[in-house]
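Presented below is the structure to which this report refers.
Rule-based calculations on the coordinates, nothing more; no lab input. Worth saying up front: this structure is predicted, and the values here are computed from it rather than measured. Here the Cβ positions follow ideal geometry from the backbone for every residue, glycine too, while neighbour counts run over all protein chains shown.
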Amino acid sequence: MCEKMNNIFAGTDENITKAAEIIKNGGLVAFPTETVYGLGANVYNAAAVAGIFAAKQRPHFDPLISHIAEVDFLHEYAATDERVFALAKRFWPGPLTMVLNRIDNNPSIDLACSGLRTLTVRMPNHPIALQLIKKSGVPIVAPSANKYQSVSPTTAQHVADGLGSKVDMILDGGACAVGVESTIIDLTGKDVVLLRAGGTAKEDIEAFLGQKVFVSNGNPNMPTAPGQLLRHYAPKNCLRINIENPEPDEFYIGFGHNDGDLNLSPSADLCEAASRLFAYLRLADERAKFGKIAVAPVPDNGLGLAINDRLKRASYSK
Ligand code: TXA
Ligand code: MG
């Protein structure tokens with residue numbers, strides 16, 4: 001426990017500078033973003049990137065997102081066009097991740113990209129994350145800082161609980177404001193394809209582009225985004241979703257007027273619900289006396305699409 005506690009550092013300038021040194025030297029730093037905490041490494045350091053896969057027990061076929069602090073990075077590594085820059089200008093920094101065609105053959109980023117011809121990139125909207133990237137001087141690859149397929153962390157303590165001493169340093173920036181991961185869109189073709197619903201509403205992207213965003217259902221066994229795996233984000237207890245009348249032995253996570261042991265948002269605010277989702281799944285895991293959790297229905301619009309996506313995967317059982 002002590003070791004875990006010692007791993008967490010306040011997000012001060014001094015500590016961010018230390019963390020940047022760790023990144024430069026090939027270590028792993030967990031840091032806050034507006035969505036969830038990320039487990040970061042220098043994109044160019046293959047050993048460090050391999051360390052991320054090992055710490056998370058994540059398969060190597062699963063590519064990582066490069067986090068950048070300046071749009072200029074894109075020119076060097078990805079095929080860009082007006083659409084990409086317009087989206088970046090409108091939604092960055094923020095919870096939108098773009099999958100782009102790679103133009104660089106630098107093998108050191110092969111591992112981060114899982115050998116794919118695409119590069120996945122986002123600019124997080126969090127001062128600690130942005131400072132860390134700037135001070136490190138390199139893009140930082142960062143998956144969510146949790147073990148593969150388990151619930152994503154929205155506090156520094158969640159990271160410590162899940163990964164503990166596997167991380168060299170955890171920067172604490174408090175609870176994540178958005179609370180679900182970024183929205184991922186594929187821009188490698190003419191159409192815009194949603195690979196993962198997330199913190200940027202699909203409707204907002206469509207309204208901005210003036211075009212439909214297609215939804216990829218993916219192949220659950222060969223996902224282009226493992227967020228597409230049928231079971232993901234899973235709590236330990238069994239979970240039922242869309243439940244208005246829970247069984248007496250179920251721990252009930254409510255929403256709006258369907259009140260429960262916890263309520264994602266009594267006022268039915270989807271942003272509030274998203275920001276609480278993962279923390280409440282963890283609490284429910286701890287508190288469910290009979291190993292059963294039920295969750296109230298959540299509408300499917302706006303951030304509700306991401307919330308329901310995570311709940312569906314969390315509740316999946318063969
Ligand atoms: O909000 C977020 O995106 C957080 C924070 C830390 O930035 N990161 C995050 O990373 O959620 P991760 O690795 O847990 O999820 C990224 C997803 C994975 O499902 C991965 O398969 C998918 O993005 N992905 C990455 N590169 C891809 C690519 N080139 N093509 C398709 N999917 C890709
Ligand atoms: Mg993840």
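Give me the angle, in degrees from 0 to 90, between the Cα long axis of helix 13-24 and the longest principal axis of the Cα atoms of the chain, rounded to the nearest 10.
Between the helix axis and the principal axis of the chain, the angle is about 70 degrees.
Taking every pair of alpha-carbon atoms in the chain, what share in percent sits in each 10 Å bin, from 0 to the bin with the longest distance?
6, 28, 36, 23, 7, 1
Whole-Hz ³J(HN,Hα) for each residue in the range 31-36, computed from phi via Karplus 6.51 cos²θ - 1.76 cosθ + 1.60 with θ = phi - 60°, x for glycine and proline: what do you get?
Here the 3J(HN,Hα) series is 9, x, 10, 5, 8, 9 Hz.
Net charge around V71, counting only other residues with Cβ within less than 14 Å of its Cβ (Lys, Arg = +1; Asp, Glu = -1)? Walk me through the numbers on the way to the answer.
Details: positive: R83, K89, R90, R122, K134; negative: E70, D72, E76, D81, E82.
Charge balance near V71 sits at 0.
Kirkwood Rh, the range 50-150, all Cα pairs: how many Å?
Working: mean 1/r = 0.0709 Å⁻¹.
The Cα-based Kirkwood calculation yields 14.1 Å.
Which loop chymotrypsin sites (Phe, Trp or Tyr not before Pro) in the range 247-301, with loop taken from DSSP, have no more than 15 other Cβ atoms within 10 angstrom of their Cβ? It would help to have the intermediate numbers written out before the result.
On the way: sites: F251, Y252, F255, F278, Y280, F290; in loops: F290.
The qualifying sites are F290.
Equivalent ellipsoid semi-axes for the range 32-78, as square roots of 5 times the alpha carbon gyration tensor eigenvalues: give them largest first, rounded to whole Å.
On the way: eigenvalues 84, 43, 18 Å².
Largest first, the range 32-78 gives 20, 15, 10 Å.
Could you pull the Cα extents of the range 151-211 along its three principal axes, largest to smallest, in whole Å?
45, 22, 17 Å, listed from the longest principal axis down.
Excluding F85 itself, what net charge comes from residues whose Cβ is under 13 Å from its Cβ, given Lys and Arg +1 and Asp and Glu -1?
Numbers: positive: R83, K89, R90; negative: E70, D72, D81, E82.
It works out to a net charge of -1.
Quick one: among G179, G38, G304, which has the greatest mean-square fluctuation in a GNM of the chain with alpha-carbon springs under 10 angstrom?
Taking springs between Cα atoms under 10 Å, the residue moving most is G304.
Given a Förster distance of 25 angstrom, what is the FRET efficiency for K147 paired with E203, based on the Cβ-Cβ distance and rounded to 0.05?
Working from the Cβ atoms, E equals 0.15.
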